1. Let me know the charge dipole size of the chain about its Cα centre in debye, to the nearest 20, where only the beta-carbon of Lys, Arg (+1) and Asp, Glu (-1) is charged.
2. In terms of the Cα gyration tensor, with a ≥ b ≥ c the square roots of its eigenvalues, is the stretch 318-375 rounded because a/c is under 1.5, prolate because a/b exceeds b/c, or oblate?
3. Please figure out what share of the DSSP beta bridges in the chain is antiparallel and state it in percent, rounded to the nearest 5.
4. Residues with amide H under 5 Å of T204's amide H, sequence separation 5 or more or different chain, H placed in the peptide plane at 1.01 Å from N; which?
5. Taking neighbour counts of Cβ atoms within 10 Å as a proxy for exposure, in what order, fewest first, do M355, M429 appear?
6. Which whole-number value in Å³ per residue fits the convex hull of the alpha carbons of the stretch 377-476?
7. Using the Karplus equation 6.51 cos²θ - 1.76 cosθ + 1.60 (θ = phi - 60°), what ³J(HN,Hα) coupling, rounded to whole Hz, does each residue of the stretch 126-136 give in order, writing x for Gly and Pro?
8. Test of the criteria: in the stretch 540-618, which GluC sites (Glu not before Pro) are in a DSSP loop and have at most 13 other Cβ atoms within 10 angstrom of their Cβ?
Amino acid sequence: MGVDFWHELAQQLRADSVRAAGAAGSGHPTSSMSAADLMAVLLSKYLRYDFDDPENPANDHLVFSKGHASPLLYSLYRAAGAISDEELLSFRKFGSPFQGHPTPAIKWVDVATGSLGQGLPIGVGMALAGKHLEGASYRVWVLCGDSEMAEGSMWEAVEHAAYYGLGNLIAILDMNRLGQTRETMYGWDGGAYERRVGAFGWHTIQVDGHDPEEIDRAYAAALEEQDRPTMIIARTKKGRGVSFLEDREGFHGKPVDPEKEEQAVEELGGERNLVVEVRKPEEGAGRAVEKGLSDELKLPAYEVGEEVATRAAYGDALKALGAARRDVVALDGEVSNSTYSEKFAEAHPERYFEMFIAEQQMLAAAVGLSVRGYVPFASTFAAFLTRAYDFIRMAAISGANLRLCGSHAGVSIGEDGPSQMGLEDLAMMRAVHGSAVLHPSDPNQTARLVAQMADREGISYIRTLRPKTPVLYSAGEEFRIGGSRVLRESDEDRVTIVAAGITVHEALRAADELHDEGVAARVVDAYSIKPIDAATLKAAAQATGGRVVVAEDHWPEGGLGEAALSALAGNGELEFRHLAVSGMPGSGSPGELMDAAGISAGHIANAARELLAKSRSA
């Protein structure tokens, strides 16, 4: 297998990319054609992958960070004998797994890409697992586009890969010069990329991306690296091999004109049916992650009446999980003494990864670790997760299993002020496909929910509080995702108060205030905001004449109030009051800020009185 074969295979990959995009009437053939030589050499000589056993833990990982080059990826699958020509030409058709950008609907795809700047950061997570958790020999190969090098997340990945010495990570930069609308920031200045990436501590190699011999030598040199990640900076031409496409602007994201498609394929040498026997990994070169409980899970227990912050309970529960399960790992954005993930870090340092102030990389690394079968918990301030929202959104497309913790939520954090207050996190996380959104009010409740998150597939989010709050529930009580707790209840209840987190404690004080006036109020702790316990809410509303007050430490949009209102829709007569943070807060004590926001006990009691007064006047 040599230069002539690599050339022929690359031309096949180009022709197939043109054909696939032509059959779909859309796609990115020119962005695929630039990287064809790079992938031809990789597939035929360096990639170690068993297409019959994609779950083999020794398989290399191939990530197309430039996900729009999906025609090239699918052409690789055809060249590997994994898919038929008919399947290739189903590209972008309704019902086909070969979508416009790669997703794990295809069994050989680890993660969804297409939102640029994500593949390399996720590759860092996979490589972390291989080097620091498994001592495995597999390599993580990431095809990057030069346009996406403008994304800050790519440089977060570059920095973290160097910091963790990920010699098993090889990035291939397809430097084809042309972006969607203009030349990229550095064009063909490979030295600009080499200086910048090299400054972080990477091994860098510049090559002619259309010279198979140079590519071959670069890959061989990359495999020699043990403690430094490698970036191969390959100068290429978009639309390579077709006279009217090569290095021409204006063809990004467009199939070849149907009238010229035949000419393009002919210039590439016509259709071919080369099949590569991809080398499989050595038998026993990788090990599967040990899933589930290794030892008895001993969750922390707190006495009713003592005061404990739910963020501290999160840290205690995470530490306990780490002792019971070897598949649990933790990541933090350099606020572990605030989120209390430091408790896990101190007890299980080999399974803790510090992501520093790089929330996008933290989320991406968690996705990469989940690909390898680990159970990642990632934590930071709730407000800072907004910076990484695109990674959370894409993780849902990937079907990743993530557990996220956002601490310091709401105005109840106090004096730090609005830049630190998560006030949109519930809305953000509720909008994620398949997510669970939890907001416990009590440390025993928190611990039970953290344990459940470990076993739940998909994306789970738990919102924790900065201030200490009284323990409400005994350590033996069970709490399920999708449930709630009725804390006050009687046959004489006239109004329902629904709360979560800090406002549960305010709701109880409001209920006491109303009780002193002869008014019985039902109090529901709606700790599971998604999925919400609609049955309990409906029963409470019906029992209290449809009078419902919801109080939350969050903006009015998208949080507990709207979740409750959706659950109560069509439930007959409903008199609803929603108390939430409506004005921009500043600094102050938690009590001052909650009162100013209109979500303290007095405001909750007043809202209940207003509903009752309205009922009497009616």
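1. 580
2. Oblate.
3. Restricted to the chain, the bridges split so that about 10 percent are antiparallel.
4. Amide H neighbours of T204, under 5 Å, 5+ apart: M231.
5. Working: M355 24, M429 27.
The fewest-first ordering by Cβ neighbours comes to M355, M429.
6. On the way: hull volume 8.7 nm³, N = 100.
It comes to 87 Å³ per residue, whole-number rounded.
7. Once θ is set to phi - 60°, the couplings for the stretch 126-136 become 4, 5, 4, 4, x, 7, 9, 10, 10, x, 8 Hz.
8. Counting only loop positions with at most 13 other Cβ atoms within 10 Å, the GluC sites (Glu not before Pro) in the stretch 540-618 are E557, E573.
Throughout, read-outs are computed from the coordinates displayed, never taken from laboratory work. A quick note: this is a predicted structure, and the numbers were derived from the prediction, not measured. Every residue, glycine as well, gets a Cβ built from its backbone with ideal geometry; the counts of neighbours run over all protein chains shown.
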